[in-house]
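Engineer: Take this structure first; my questions come after.
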Amino acid sequence: MSMTTPAGWYPDPATPTVERWWDGTTWTAHTRPATVPTTVFTAPPAPGGRGRAVALGAGAVAVVAAIVAGAVVLGDDDEEDGGSVTAGPTAVTTSGSTSSSSTSGSPPAEDPTKVVDQLNGITLPIIQGWEEPRFRAGSAPTVTTVGEYPCPGATNQECRHGTVESRTASGTDATSPEALAKEDIALAADAFFEDDVLGNQLYGGILSHKEIAARPTVVAGRTGYLVRWQVTTGKGPGGYVQSLAFPSPTGSESPVVVRFAFDAGPDGPPLAAMDEITKGILPIGSATGGGVGSSLTPGS
């Protein structure tokens, strides 16, 4: 038997003045200042009707903390008869009914002009001719051009002329946005223009590439760096790929990478759309990034 809690921001079990990201399975390193809680968090009752606050994640820490308007009791790991019950934070309203996630962990109401990346604290703009795809493999926040077409290298598969997705950088030793962008660009090119997750070569593979841009930039109020390649593919007109790296504007400022992939040729989006989307990446809840997308000289 397993009990799971949806991914979201919840009071940190060790530091109640901070919220930590629960990814649906365990606690991550992402944090942000806590908001005033409007719900009470409790662990499910143990067998026999007795509730207890015990381990979180790997099963080590229990905390009961009074915060302004509510008490916070997080987590439960239980083993009985060879089975296990793993619980993250579960939101219970003050009236006693259980909801699927906490108020602080819930994303804002859907906005047709942007896609929210709650984990990284940013929003991706949906510019004219683009949309948030409703059916897409993977969980990365994504915007794409409207409409699909048969992929040049695999006509039984559908492709998009433009795709932009954000992700948390992980498994890297890069210590700066510049180093991260330069490291990620080859991975981004492979992800979009080489084999897909099923091994299909949607564009016939990458034959060659050349760097056409590499520069500092300000995005979501943070100094970042972008690297842009033009790629020649085995099938179709080729394309452009860009890796944009910058610190998250919230919490622990974990590094974020936004990947861009545009088809080349007359059907692909104009390269200017990469800059337009970069300028439109904002901190969650902000209408302006304070210089978002502005180019910087290396000495700035």
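Nothing in this text is a laboratory measurement; each read-out follows from the coordinates by a stated rule. It should be emphasised that the depicted structure is a prediction, and the values quoted were computed from it without experimental measurement. Positions of Cβ are backbone-derived with ideal geometry, glycine not excepted, and every protein chain shown enters the neighbour counts.
Engineer: If we sort 163-173, 247-257, 205-215 on the protection proxy, mean other Cβ atoms within 10 Å, highest first, what's the order?
Structural biologist: Listed from highest to lowest mean packing, they are 247-257, 163-173, 205-215.
Engineer: On a full-extension model of 0.36 nm per residue, what is the gain between Glu148 and Thr113, subtracting their alpha-carbon distance, rounded to one decimal in nm?
Structural biologist: Net length gain for the segment: 10.6 nm.
Engineer: For Asp23 and Glu253, calculate 0.36 nm times their separation in residues minus their Cα-Cα distance, and state this gained length in nm to one decimal.
Structural biologist: 81.1 nm
Engineer: Distance in nm between label sites at Ala287 and Lys235, each 7 Å beyond Cα in the beta-carbon direction?
Structural biologist: 4.7 nm
Engineer: Can you give the FRET efficiency to the nearest 0.05 for Thr15 and Thr172, using r as the Cβ-Cβ distance and R₀ = 25 Å?
Structural biologist: Calculated transfer efficiency: 0.45.
Engineer: Now for a separate question. Give the calculated FRET efficiency between Gln157 and Ala213 to the nearest 0.05, with a Förster radius of 41 Å applied to their Cβ-Cβ distance.
Structural biologist: 0.90
Engineer: Right, another one. Just to be sure I understand the model, the point goes 7 Å from the Cα along the line to the Cβ. What's the resulting Ala140 to Asp190 distance in nm?
Structural biologist: So the two model labels end up 1.3 nm from each other.
Engineer: Right, here's the next one. Using the Karplus curve 6.51 cos²θ - 1.76 cosθ + 1.60 with θ = phi - 60°, what ³J(HN,Hα) values do you get for each residue of segment 221-235, in whole Hz, with x for Gly and Pro?
Structural biologist: Each residue of segment 221-235 in turn: x, 10, 7, x, 8, 10, 10, 10, 10, 9, 10, 9, 10, x, 10 Hz.
Engineer: Moving on. For Val197 and Asp267 in the same chain, what is the full-extension length gain: residue separation times 0.36 nm, less their Cα-Cα distance, in nm?
Structural biologist: Here the segment from Val197 to Asp267 would lengthen by 22.7 nm.
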